[in-house]
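Remarks on the structure that follows.
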Amino acid sequence: MRRVRGDRLGLMAGVAFAAFGGCGPAVLSVSDAIVLPGEPVRLTAFVYRDTIRGVGRDIEGVQVRFRVDGRPAGSARTDDDGWASAQWALPSGGASRFEATAIVDGRTSRAGGAIYAWHKDRIILAVDVDGTLADTDYDKLVLGRRDVGSQPLPDAQPTLEKLSADFQVLYLTARPQYYIEKTRRWLKDCGFPNGPVFTAPRLRDTIRHARFKRR
C-alpha cells in the first residue's frame, strides 16, 4: 500500500509540475459517450496545451464542434477546466463514432470517440485501472509516448473478459484526461474487453481520487 501511494504522489507531482511549466501545441481529446434507448447522447471534448509528453494546461473559451456520421451535432466553448459538451438526439439507426474539431492558434485539431449503445436492463461493471487491472509503471505512463512499462495483473484480462459476457464494462480511472489515449491503447494492447474509458475531469479529482470515483 505504501508503494502504491508513493507512485500516486509521484504521478500527481509530475502532472502538477508539467501543468504550470512550458508552452506547447494545443491538443484536443474526447471522452467516450454512452447512449441509452430513446435518450440523447452527450458528447464531450477537452482542450489543453501540451507541455510535457501529453501532460498539459487547460484552455478556456475554445469553440468545439461535434459531428456524428459527418453531420453537425452541436457546438460549445470550453469552460474554465477546458471541457466542452453538447447533447444530440441520435438518428433511429444510431451511430458508433463521433468527431470533434477545434481551431487554436490557427491550427485545426480533430479527435474521434466511440458511442456505446447500452441497455437499461444490463448491469454496469465499473472497473478501476491502476492497481486493479494494471501493475502500473508511473514513470512510463507520465514520461513515455506509450505506456510500455505497465503490466496486467495476474488473471485480470481473462477474468474481465469472462465478466463482460454478462455486464456492461466501464473503465473508471482517476488518471487525468491527458492520459486517455495511452489508457485506451494499453487496454486494447493487453486484450481487455471493449468499453468506454472515463478519466478524472479535473486535476483536483485526480488528487481526491476516492471521492471522485464514489461520486
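Here are the numbers:
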item: Considering residues of the stretch 56-114 that are among the hydroxyl-bearing types (Ser, Thr, Tyr), part of a loop (DSSP other than H, G, I, E, B) and more than 13 Å from VAL27 (Cβ to Cβ) only, the residue nearest to the chain's Cα centre (by Cα); result: SER96
item: Failed condition for HIS119, given (1) within 21 Å of VAL27 (Cα to Cα); (2) open to solvent by 60 Å² or more (accessible area, probe 1.4 Å); (3) at pLDDT below 95; result: (1)
item: Single match in PRO154, PRO158 (criterion: over 23 Å from VAL30 (Cβ atoms) and either in a helix (DSSP H, G or I) or of a type in the set (S, T, N, Q) (or both)); result: PRO158
item: Inter-residue pairs, beta-carbon under 8 Å, first touching a residue at least 12 places away in the same chain (Cβ under 8 Å) and on the phi > 0 side of the Ramachandran plot and in the stretch 84-102, second surrounded by 18 or more Cβ atoms within 10 Å (Cβ to Cβ) and of a type outside the set (Asp, Glu), 6+ apart; result: GLY94/VAL35; GLY94/ILE115
item: Residues (without any contact (Cβ under 8 Å) to a residue 60 or more places away in the chain, farther than 27 Å from ARG42 by Cα and among the hydroxyl-bearing types (Ser, Thr, Tyr)) located in the stretch 114-169; result: THR132, SER150, THR159
item: In the stretch 177-194, residue surrounded by the fewest Cβ atoms within 10 Å (Cβ to Cβ) [restricted to those that are in contact with a strand residue (DSSP E or B) (Cβ under 6 Å, 6 or more places away or on another chain) and more than 14 Å from LEU133 (Cα to Cα)]; result: ILE180
item: Meets criteria (under 24 Å from THR78 (Cα atoms), open to solvent by 70 Å² or more (accessible area, probe 1.4 Å) and modelled with pLDDT under 95) for ARG208; result: yes
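The values are calculated or read from the model by the stated rules, or taken from the named source; none is laboratory data. Here the structure is a predicted model, which is why all the values come from computation and not from measurement. Virtual Cβ from ideal backbone geometry, glycine too; neighbours counted across all protein chains shown. These area figures cover heavy atoms from the full protein model, side chains too; ligands, DNA and RNA do not enter into them. Shrake-Rupley method; radii C 1.70, N 1.55, O 1.52, S 1.80 Å.
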